[in-house]
Amino acid sequence: MVAVHKAATSPPPTTVADEESQETVPLVDKPAPQDAVAAVEGPAKGGGLGESPPFWLFMLFLASVTMTVGNKYVMKAWGNFANTLTLLQNGTAVAYLLISRHLGMLEMKPITGQQWRVFLATAFFLTMQIFTSLKALPYVAIATVVVFRNTCTVIIAIIDYCFFGNKFNKLQVASLALTTCGMLIYAGQDINFDLVGYLWLLGNSVATIANTFWNKVFITKYTKELKIQTSYGVSLIQQIETLPIVFILAAANNEGGAYMAYKPLDVAAKLTILATCAGGVLIGIAYPKCFSLLSGTSVVVASTANKAVSILIGMWLFSTRLSAVQVLGLTICVGGSLWYALEGKRKR
């Protein structure tokens, strides 16, 4: 998978499940739209996929919804094989990056031993993001995942202020307060509350926050300050390093029966598994392309709209009910998060 980190100051995201998913999750870490950030290098070499903003916004929409709704669908249909699914998704991302590097489509600088060591921590956090997100999806509504992700934005901002000296204007503080109020309203009236799902999302939040700040220090240093590696190179390192970690988790979880459980799945479930593997790659292409063709504000608004559509599709597909109070809380939470993202861009 490819995931994303939501802070507007971090480099482009790297996972898939964090596409609220992870937002699911872009090829360089992804909390998040805040789900992603402009690509460090700009458009990839040899794109050849068109320069039409509507086309790429649709590709971003398709990838985002596929990863958000598709992951939940697969986890409910396939069962307890989160790590096997991650191996398939991350393996697909690695294959894409290696082939693109070989063909000269993506710029990467030489990879050193120091880079492998530095980004091992990121690979671990990224794996935990994906794993906890996939484990939570069968238990909670997609709307709940979105609310937790937006709550991470608030916590990240508080840590940024307290420990990194980042300053926020009054409107940013107001938007964060609004996001928090929306989260409290939603969680306080969650008619779909499931303790197991909430605990997995709590773990996901911890991993997302830890990964955000590790990336804030090291990915920014390597890609923007020292410029000794590109964001695509960082993504390749991270994705490769996740594979042995995920394999160990799969073995510990006794996922050897994944193929036997896969065989009786209906065609829709099998196609969805393939779609999520492709979606992880597509989201890593679409985010940087959208940022190269459109303003950052436009991409943030589009990402927020994608979340809303994912919630609606999830409610229809999984027969999820939300109370009127929950819908109010969700609207306030997402609106506050969008306001915060737009204020952050105006501030810069």
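Here are the numbers for the structure shown:
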| item | result |
| --- | --- |
| Members of the range 94-142 found to be closer than 30 Å to K76 by Cα, outside any helix (DSSP H, G or I) and not hydroxyl-bearing (S, T, Y), listed by number | L137, P138, V140, A141 |
| So G233, is it within 30 Å of S323 (Cα to Cα) and small (G, A, S) | no |
| Selected residue [open to solvent by 20 Å² or more (accessible area, probe 1.4 Å) and in contact with a Phe, Trp or Tyr (Cβ under 6 Å, 6 or more places away or on another chain)] from M128, M108 | M108 |
| Those residues of the range 309-348 which are among the aromatic types (F, W, Y), within 19 Å of K72 (Cα to Cα) and open to solvent by less than 70 Å² (accessible area, probe 1.4 Å), in sequence order | F318 |
| The one condition in (1) at pLDDT 90 or above; (2) open to solvent by 20 Å² or more (accessible area, probe 1.4 Å) that N71 fails to fulfil | (2) |
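The values are calculated or read from the model by the stated rules, or taken from the named source; none is laboratory data. Everything quoted here is computed from the prediction, not taken from an experiment. For neighbour counting, all protein chains shown are included, and Cβ atoms are generated from backbone atoms with ideal geometry for every residue, glycine included. Accessible surface is based on the protein model in full, side chains and every heavy atom, while ligands, DNA and RNA are left aside. Shrake-Rupley method; radii C 1.70, N 1.55, O 1.52, S 1.80 Å.
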